[in-house]
Structure formats: C-alpha cells, structure tokens
Ligand code: CA
C-alpha cells in the first residue's frame, strides 16, 4: 500500500481514480488545483503523485518544476495531450513516468508499482488472495489454480482481481463496467458476461456448473469459496 496524491481538476476523473486506487489498496488524497496540490504534496509527503498536466490555475509542468524544487517525490503525469512536446517537457521537468488519457486504472497501477519499485518505495499493492484452490496475486498479476499457473488476458485478470478483493460479495455488473472497464456511463452487461465466460473456461468451470464464480441473476457476480 502506498500513500498517493492525485492532482486532477476533472471531478469525474478524480473521483473514479481515487476509488480505483483505493480499491487497489492505496491511501489516496486529492487536489483539484495546482496550488493546493503543491501544498498537499509538501504537507502530506505522499509516496507518489499522479499529476494531471492540464490544470486550471497553473500548467502541470510548471507545478512539477515548483514541486521538484522542494521534493523528490515520484510523479506520474497523466495527460490527454498526446503531442510529444508536452510529455517531453513534463519528463524534463522531473516526471518519472506518464500515462495518456484515457487510461485504465490497472495500467496506471502498473506504472505506479514500477515507479515505486524504482524509487525504492518498497512493496505496494494488496496481498494475494486465496479462495479454495485459487490464488490471485494483484502485485505480480499472477493467478494459480491448484498450484498451476493460469494465463489470463489483462481484462480477465482485472475482473478476477476485483472480485477477489471482495470475496463473497455480489458485485453488480454496472459496478464492474465502471471499475474494471472504466465505463462510468453505459457499457453493456454483455461485456461482463463474455469475459466472465472466458474466465470460467480458464478456471475449469461453466455458467451451468459454477464453482468459484457465481452469477446471481438480476444482481451481479461474486467469487466464493467453493463447496467441498
Ligand atoms: Ca485537466
């Protein structure tokens, strides 16, 4: 677990990001402007800052320069601009890495882990979860079933890890669309169903004979300890 500071003026993105990072086991604080972000970065001494480059009061790269004058905290820049110039200037200003918007929370999390590893921030991310003979390790993104590795596509892993973080709880499909697929509005239940079906196949079960992954009709999906 790491203490993160998210500096992002778009409330919708900020809220989604905070939730996604908290769910991945981090402590997250946030700021909506560059100046409050700078102040919090100094006062709260986070392990890492996720910084939006397009802020209302000050350009993110400018903030980064000011921050670098007082702190060596690792910074990951998030930007919608895909022109090389702004990324290069952010890296020049002292960013450790960057992600382009729109990005998936899982992608950002991977960057966060890599940056913290490089900066010697120690271990991050939640502990492995074991359910029956299934083990899901969010840090290494490895899954094993009865001791054997299971190869999952990134979204299959994200879905399983999300359910594994809340074993026994029925998670509505719209929550999965919002949190795993980053689709706060809309998105089709079919997306969840299709991935669920692939996931089940890889875990050696089916919708007709579920073991670990149970669908509760009209409510959602949960990961459960299998019946002996
Ligand atoms: Ca912005």
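The values are calculated or read from the model by the stated rules, or taken from the named source; none is laboratory data. Since we're looking at a predicted model, the values are computed, not measured. Note: ideal-geometry Cβ built from the backbone for every residue, glycine included; neighbour counts use all protein chains shown.
In segment 1-43, how many are within 16 Å of the ligand (Cβ to nearest atom), within 17 Å of the chain's Cα centre (by Cα) and assigned to a loop (DSSP other than H, G, I, E, B)?
Final tally of qualifying residues: 1.
Conditions: (1) at pLDDT below 95; (2) in contact with a strand residue (DSSP E or B) (Cβ under 6 Å, 6 or more places away or on another chain); (3) farther than 22 Å from residue 154 by Cβ; (4) surrounded by 18 or more Cβ atoms within 10 Å (Cβ to Cβ). Residue 26 meets all but one. Number of the miss?
(3)
Under 6 Å by Cβ, and 6 or more places apart or on different chains, what pairs join a residue from segment 33-55 that is closer than 18 Å to residue 13 by Cβ and not assigned by TED's automatic domain parsing to the domain that holds residue 14 with one that is more than 12 Å from the ligand (Cβ to nearest atom) and in a helix (DSSP H, G or I)?
Listed by first residue and then by second, the contacts come to nothing, as the list is empty.
Taking residue 36 as the residue in question, decide whether it is surrounded by fewer than 21 Cβ atoms within 10 Å (Cβ to Cβ) and touching a helix residue (DSSP H, G or I) at 6+ places or on another chain (Cβ under 8 Å).
Numbers: surrounded by fewer than 21 Cβ atoms within 10 Å (Cβ to Cβ): yes; touching a helix residue (DSSP H, G or I) at 6+ places or on another chain (Cβ under 8 Å): no.
So residue 36 fails the test.
Would you mind telling me which numbered condition in (1) under 19 Å from residue 106 (Cβ atoms); (2) not in a helix (DSSP H, G or I) residue 56 fails?
The number of the failed condition is (1).
Looking only at segment 44-103, which residues are away from the ligand (no atom under 13 Å from the Cβ), at pLDDT below 90 and over 24 Å from the mean Cα position of the chain (by Cα)?
62, 68, 69, 70, 71, 83, 84, 85, 88, 89, 92, 93
Determine if segment 104-116 includes at least one residue that is in a loop (DSSP other than H, G, I, E, B), more than 15 Å from the ligand (Cβ to nearest atom) and either assigned by TED's automatic domain parsing to the domain that holds residue 203 or over 20 Å from residue 28 (Cβ atoms) (or both). Please lay out each step first, then the result.
Narrowing segment 104-116 to residues in a loop (DSSP other than H, G, I, E, B): 104.
Now narrow it down to the ones that are more than 15 Å from the ligand (Cβ to nearest atom): 104.
Checking which are either assigned by TED's automatic domain parsing to the domain that holds residue 203 or over 20 Å from residue 28 (Cβ atoms) (or both) leaves us with none.
The answer is no; no qualifying residue exists.
Looking at 183, 159, which is the one that is free of Cβ contacts under 8 Å to residues at least 24 places away in the same chain and within 23 Å of residue 19 (Cβ to Cβ)?
Only one candidate passes the filter, namely 183.
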